[in-house]
Amino acid sequence: MPSTEAYLMLSGTLFAVGLIGVIIRRNMITVLMAIELMLNAVNVNLVAFSQWLRSAPVTGQVFALFVITVAAAEVGIGLAIVILIYRNRETINMDEINLLKW
């Protein structure tokens with residue numbers, strides 16, 4: 001079985017890739033996928049620390065389920081916003097969207 005450090009390295013790598021995806025990419029769908037990757041990195045962290053502490057092994061999994069629930073709601077609302085923006089502007093490139101500018 002891999003050690004806790006291996007899981008933390010995996011989680012850190014996933015989070016870094018997601019953060020780079022949010023910062024560099026301009027496509028809204030890709031940014032939403034990068035945010036999901038970051039949330040999954042948090043889930044790996046929660047479960048890894050839950051197994052490492054062993055005082056309450058289910059606590060990390062319960063928090064991970066809450067994060068998954070929030071991520072599902074975020075994806076639903078985010079995709080609805082992306083579809084509405086695409087219908088109005090016919091683009092999902094974040095550089096070309098200026099809805100809040102006067």
Inspect the range 51-60 for any residue being open to solvent by 90 Å² or more (accessible area, probe 1.4 Å), more than 19 Å from Glu5 (Cβ to Cβ) and in contact (Cβ under 8 Å) with a residue 12 or more places away in the chain and give the result as yes or no. no
Taking the range 13-35, which residues are assigned to a helix (DSSP H, G or I), open to solvent by 40 Å² or more (accessible area, probe 1.4 Å) and of a type outside the set (Ser, Thr, Tyr)? Leu14, Phe15, Ala16, Val17, Leu19, Ile20, Val22, Ile23, Ile24, Ile29, Met33, Ile35
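Yes/no per residue for (1) at pLDDT 85 or above; (2) assigned to a helix (DSSP H, G or I); (3) of a type in the set (Gly, Ala, Ser); (4) under 20 Å from Asn27 (Cα atoms):
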residue: Leu65; (1), (2), (3), (4): yes, yes, no, no
residue: Ile77; (1), (2), (3), (4): yes, yes, no, yes
residue: Tyr86; (1), (2), (3), (4): yes, yes, no, yes
residue: Trp102; (1), (2), (3), (4): no, no, no, no
So, first residue in contact (Cβ under 8 Å) with a residue 40 or more places away in the chain in the range 82-94, second residue aliphatic (A, V, I, L, M) and in a loop (DSSP other than H, G, I, E, B), Cβ within less than 7 Å, six or more apart or across chains; the pairs are Val82/Ile92; Ile85/Ile92; Ile85/Ile97
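The values are calculated or read from the model by the stated rules, or taken from the named source; none is laboratory data. Every value quoted in this text rests on a predicted model; they were computed, and no experiment measured them. We place every Cβ from the backbone using ideal geometry, glycine too, and count neighbours over all the protein chains shown. Ligands, DNA and RNA are stripped out before the accessible areas are found, and what is left, the full protein with its side chains, is counted by its heavy atoms. Shrake-Rupley method; radii C 1.70, N 1.55, O 1.52, S 1.80 Å.
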